[in-house]
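Student: First the structure, which I've put down as structure tokens, then a few questions once you've had a look.
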Amino acid sequence: MIKTALVTGAAKGIGRTIALTLAQQGFDVAVHYHRSETAAQQTVQDVRAHQVQAIALPADVSQPQAVQTLVDTVVDKLGGLSVVVNNVGNYFKKPIDEMTIAEWHEILDTNLNATFYVTQAALPHLKAAGWGRIINLGFAGAQNLVARTQITPYAIAKTGVILYTKALAKQLASHRITANVVAPGVVETSVSQPVTQIPIGRMATVAEVARVIDFLIAPEAGYYTGQVIEVAGGWNL
């Protein structure tokens, strides 16, 4: 069984912890980054400490051709691909009536479009592997269609990620490929940290987010697909 994973935005934060979690399960890991080369190289070294292969690869995943090159390089250097974790996604808070066209596109491109580009490029390789796991990062409450005036494009993008993931899950089930969304709430690395709104009373750790992914990549998790699993401590209920 091919055990090779691509994690986007894996230089730091949640992505780095996910990469290390995959390494602990025996996966070779492609550590994607955009600008954080030094951090990505450190993550590669830490992944290799688990006696697996690891490479750091730069790409602007909002650009389809760059994504195709990224995925092709992963397959060429690591010998295949069976797990894709779409972790990249820019975030900022700004009233919708003050948002520029460029800012709107940045949020949609890095969250929704990048998820499509990476997954679309990876699918032939997941099918060739005979099994696969697609895990897309969302955010808690994105499936609730309520007004979010400070993060409108982000909410739209992440809701789109959920719908896209569900379609993938239905389409790919016969190929032994699952697709799920892991939806963090307020994490220790989050830009916005409204801790008082969290019923459990604290932020999630990056390890708690990675633990869900650890479950979803397991061979015995092949029946779990099309799901949104929140790691939010009751936030946004």
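Student: Give the residue that is surrounded by the most Cβ atoms within 10 Å (Cβ to Cβ), with candidates limited to residues of the range 192-218 that are free of Cβ contacts under 8 Å to residues at least 60 places away in the same chain and outside any loop (DSSP other than H, G, I, E, B).
Tutor: Restricting to residues being free of Cβ contacts under 8 Å to residues at least 60 places away in the same chain and outside any loop (DSSP other than H, G, I, E, B), the top hit is Ala204.
Student: Kindly indicate the residue of the range 74-101 that is part of a helix (DSSP H, G or I) and in contact with a strand residue (DSSP E or B) (Cβ under 6 Å, 6 or more places away or on another chain) and also surrounded by the fewest Cβ atoms within 10 Å (Cβ to Cβ) among those meeting that condition.
Tutor: Checked the range 74-101; the qualifying residue surrounded by the fewest Cβ atoms within 10 Å (Cβ to Cβ) is Lys77.
Student: So Thr100 passes all but one of these: (1) among the β-branched types (Val, Ile, Thr); (2) farther than 17 Å from Lys166 by Cα; (3) under 19 Å from the mean Cα position of the chain (by Cα). Which condition number does it fail?
Tutor: (3)
Student: Considering the range 120-156 alone, what residues qualify as being open to solvent by 30 Å² or more (accessible area, probe 1.4 Å), touching a Pro at 6+ places or on another chain (Cβ under 9 Å) and assigned to a loop (DSSP other than H, G, I, E, B)?
Tutor: Result: Thr149, Gln150.
Student: Take Val161 and tell me if it is assigned to a strand (DSSP E or B) and of a type in the set (Val, Ile, Thr).
Tutor: Taking the combined requirement at face value, the residue does not satisfy it.
Student: Continuing with the same structure: For His175, all conditions in the list (1) touching a strand residue (DSSP E or B) at 6+ places or on another chain (Cβ under 9 Å); (2) surrounded by 18 or more Cβ atoms within 10 Å (Cβ to Cβ) hold save one; what is the number of the exception?
Tutor: If we test His175 against (1) touching a strand residue (DSSP E or B) at 6+ places or on another chain (Cβ under 9 Å); (2) surrounded by 18 or more Cβ atoms within 10 Å (Cβ to Cβ), just (2) comes out false.
Yes/no matrix, rows are residues, columns are (1) free of Cβ contacts under 8 Å to residues at least 40 places away in the same chain; (2) over 18 Å from the mean Cα position of the chain (by Cα); (3) over 12 Å from Arg16 (Cα atoms):
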{"position": "Glu37", "(1), (2), (3)": "yes, yes, yes"}
{"position": "Gln41", "(1), (2), (3)": "yes, yes, no"}
{"position": "Arg48", "(1), (2), (3)": "yes, yes, yes"}
{"position": "Pro58", "(1), (2), (3)": "yes, no, yes"}
{"position": "Ala66", "(1), (2), (3)": "yes, no, yes"}
{"position": "Leu70", "(1), (2), (3)": "no, no, yes"}
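Student: Consider the range 103-119. How many of its residues are surrounded by 18 or more Cβ atoms within 10 Å (Cβ to Cβ), among the charged types (D, E, K, R) and either farther than 23 Å from Leu6 by Cα or touching a residue at least 60 places away in the same chain (Cβ under 8 Å) (or both)?
Tutor: 0
Student: Name the single residue that is nearest to Thr21 (Cα to Cα) among those in the range 197-225 being of a type in the set (Gly, Ala, Ser) and within 15 Å of the chain's Cα centre (by Cα).
Tutor: Going through the qualifying residues, I end up with Ala210.
The values are calculated or read from the model by the stated rules, or taken from the named source; none is laboratory data. Quantities reported herein were computed from a predicted structural model and do not represent experimental measurements. Here the Cβ is made from the backbone with ideal geometry for all residues, glycine too, and neighbour counts use every protein chain on show. Heavy atoms of the whole protein, side chains included, go into the accessibility calculation; ligands, DNA and RNA do not. Shrake-Rupley method; radii C 1.70, N 1.55, O 1.52, S 1.80 Å.
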